[in-house]
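Asker: What follows is a single structure, and I will ask about it in a moment.
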Amino acid sequence: MLIGLVGKPSAGKSTFFRAATLAEAEIANYPFTTIKPNSGVGYVKIECVDKEFGKQCNPRTGYCLNHVRFVPVQILDVAGLVPEAHLGKGRGNQFLDDLRQADVLIHVIDVSGSLNAHGEPVDIGSYDPAKDVEFLEVELDMWYLSIITKGWEKFARTVQQEGVQVQKALAKQLSGLGGTEEMIAEAKTKLQLPTSVMQWNEQHLKQLATELRKRTKPMIIAANKIDVRGAKENYERLVKQFPHYKIVPCSAESELALREAAKAGFTNYVAGENHFEILHPEKLNENQVKALEFIKKNILEKHGSTGVQDVLDYAVFTVLKYIAIFPGGVNKLEDQHGNCLPDCFLLREGSTALDFAYKLHTDFGKNFIRAIDVKTKRTVGKEHMLKHRDVMEIVTSK
């Protein structure tokens with residue numbers, strides 16, 4: 001699973017990325033600070049199962065705070081996109097290609113309207129952030145269209161003459177973007193495209209490009225800089241204007257400040273929470289204390305969180321529909337080193353006990369006999385559907 005961060009220059013993508021990963025991404029208020037994509041590990045948040053067993057877990061990857069488990073996910077921050085990126089402007093072709101493997105996109109926008117279309121500073125509120133939402137849709141659609149239409153006439157003739165199913169041929173062409181035969185067949189039916197591919201015109205292809213982009217690259221909007229004057233009004237307008245998108249009020253800068261303060265031991269902040277305490281005020285200067293108090297009053301109390309963790313959790317658990325599964329034993333939750341519930345895996349909703357066995361190890365899948373739901377101690381078969389936060393023991397023949 002790969003989460004892609006997209007948006008125009010200086011909107012706050014790199015700050016969001018650094019807040020989510022605490023990676024040393026360069027942050028500056030000028031276009032194309034990020035040239036090569038930054039790849040890092042962020043975390044999605046779930047209630048840990050250890051508390052239900054009266055234990056404290058010891059994660060092998062990720063971490064657990066106050067029985068809240070943070071499970072690692074891969075995040076890719078690509079350079080800022082500008083209008084006509086699909087034509088190569090602003091190094092756009094390269095950065096669009098960087099997004100090929102992304103399963104979901106987080107579009108970070110400057111909701112305060114203090115950047116123009118190219119990411120250059122303008123007076124606060126003088127730019128309409130709705131244009132950013134629209135421009136990115138266009139860029140992605142045109143990118144998809146260019147892939148679909150590359151050698152289209154030859155492609156269409158081959159499909160027609162050889163009797164190949166169009167969804168099969170297109171799935172092969174779009175495999176790098178996550179396109180599948182089923183997905184393309186559903187899009188074709190929804191759009192009521194002509195039966196013969198030779199009758200598809202430019203409008204049909206544009207519609208198909210848009211539909212496939214929506215299906216293969218679902219998007220969430222992080223309305224960043226929500227604490228800036230006028231941003232709240234812009235956010236409320238965007239929610240009404242784009243009801244088909246999940247739009248989350250966000251302050252990546254505040255999240256970064258809180259995580260760094262917690263890492264340094266100055267607060268007890270847990271990512272995604274709506275509160276924190278200053279632990280050692282005597283070690284902070286007056287400006288640092290004021291900054292933390294500002295975040296508490298103007299971000300957490302007003303919006304419930306900084307939005308960064310909410311965006312990541314929504315992307316993985318709601319949009320992509322993943323569930324978290326823990327391996328464990330009915331009689332022992334510890335591994336050979338004494339670590340309690342050391343692992344937690346993310347699987348697609350609808351995964352079975354057998355799917356989980358293969359996720360753990362190919363041999364577990366091949367030699368699967370049964371599984372045991374550790375919470376209920378109930379034995380289940382290979383077709384048993386897993387639920388979010390299940391703890392499963394896999395029994396094999398070897």
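The values are calculated or read from the model by the stated rules, or taken from the named source; none is laboratory data. No experiment lies behind these values; they were computed from the predicted model shown. Every residue, glycine among them, receives a Cβ derived from its backbone with ideal geometry; neighbour counts consider all protein chains shown.
Asker: Could you say which residue among Ala223, Ala185, Ala291, Ala209 is outside any loop (DSSP other than H, G, I, E, B), farther than 27 Å from Ala102 by Cα and in contact (Cβ under 8 Å) with a residue 12 or more places away in the chain?
Answerer: Of Ala223, Ala185, Ala291, Ala209, the one residue that is outside any loop (DSSP other than H, G, I, E, B), farther than 27 Å from Ala102 by Cα and in contact (Cβ under 8 Å) with a residue 12 or more places away in the chain is Ala291.
Asker: Could you check Tyr314 against (1) out of contact with any Asp or Glu (no Cβ under 9 Å at 6 or more places or on another chain); (2) hydroxyl-bearing (Ser, Thr, Tyr); (3) more than 27 Å from Ala231 (Cα to Cα) and say which number it fails?
Answerer: Against the list (1) out of contact with any Asp or Glu (no Cβ under 9 Å at 6 or more places or on another chain); (2) hydroxyl-bearing (Ser, Thr, Tyr); (3) more than 27 Å from Ala231 (Cα to Cα), Tyr314 comes up short only on (3).
Asker: Right, here's the next one. Testing Ile295 on (1) surrounded by 18 or more Cβ atoms within 10 Å (Cβ to Cβ); (2) within 19 Å of the chain's Cα centre (by Cα); (3) not polar (S, T, N, Q), one condition comes back false. Which one is that?
Answerer: (2)
Asker: Further, regarding this structure: Checking the conditions here, which among Gln288, Gln241 is farther than 27 Å from Asp128 by Cβ and either modelled with pLDDT under 95 or of a type outside the set (Gly, Ala, Ser) (or both)?
Answerer: Gln288
Asker: Is it the case, given these coordinates, that Leu96 is crowded, with 21+ Cβ neighbours inside 10 Å, modelled with pLDDT under 90, among the aliphatic types (A, V, I, L, M) and closer than 17 Å to Lys13 by Cα?
Answerer: yes
Asker: What is the number of the single condition among (1) among the β-branched types (Val, Ile, Thr); (2) assigned by TED's automatic domain parsing to the domain that holds Phe17; (3) closer than 29 Å to Leu136 by Cα that Val197 does not meet?
Answerer: Against the list (1) among the β-branched types (Val, Ile, Thr); (2) assigned by TED's automatic domain parsing to the domain that holds Phe17; (3) closer than 29 Å to Leu136 by Cα, Val197 comes up short only on (2).
Asker: Return yes or no: is Arg213 modelled with pLDDT of 90 or more, of a type in the set (Lys, Arg), touching a Leu at 6+ places or on another chain (Cβ under 6 Å) and on the phi < 0 side of the Ramachandran plot?
Answerer: When the stated conditions are applied, Arg213 passes them.
Asker: I need the strands (runs of 3 or more DSSP E) fully contained in the stretch 1-81, keeping only those with at least 1 residues that are touching an Asp or Glu at 6+ places or on another chain (Cβ under 6 Å), modelled with pLDDT of 90 or more and at positive phi.
Answerer: So the answer is none; nothing clears 1.
Asker: What number goes with the only condition from (1) in a loop (DSSP other than H, G, I, E, B); (2) over 20 Å from Cys48 (Cα atoms) that His388 does not pass?
Answerer: Unmet for His388, out of (1) in a loop (DSSP other than H, G, I, E, B); (2) over 20 Å from Cys48 (Cα atoms): (2).
Asker: List pairs: first residue in the stretch 1-14 and free of Cβ contacts under 8 Å to residues at least 60 places away in the same chain, second residue among the β-branched types (Val, Ile, Thr) and in a strand (DSSP E or B) anywhere in the structure, Cβ distance under 9 angstrom, at least six positions apart or on different chains.
Answerer: The qualifying pairs do not exist here.
Asker: On to the next question. Go through the residues of the stretch 239-247 one by one and say whether even a single one is touching a Leu at 6+ places or on another chain (Cβ under 6 Å), under 20 Å from Ile3 (Cβ atoms), in a helix (DSSP H, G or I) and in contact (Cβ under 8 Å) with a residue 24 or more places away in the chain.
Answerer: Within the stretch 239-247 (the criterion being touching a Leu at 6+ places or on another chain (Cβ under 6 Å), under 20 Å from Ile3 (Cβ atoms), in a helix (DSSP H, G or I) and in contact (Cβ under 8 Å) with a residue 24 or more places away in the chain), the answer is no, since none of the residues qualifies.
Asker: Could you tell me how many of the residues in the stretch 331-371 are farther than 24 Å from Cys57 by Cα and in contact (Cβ under 8 Å) with a residue 40 or more places away in the chain?
Answerer: Matching residues across the stretch 331-371 total 0.
Asker: A further question on this structure: If we keep just the residues of the stretch 120-169 that are exposed (fewer than 12 other Cβ atoms within 10 Å of the Cβ) and modelled with pLDDT under 90, which is nearest to Leu81 (Cα to Cα)?
Answerer: The extreme case among them is Lys150.
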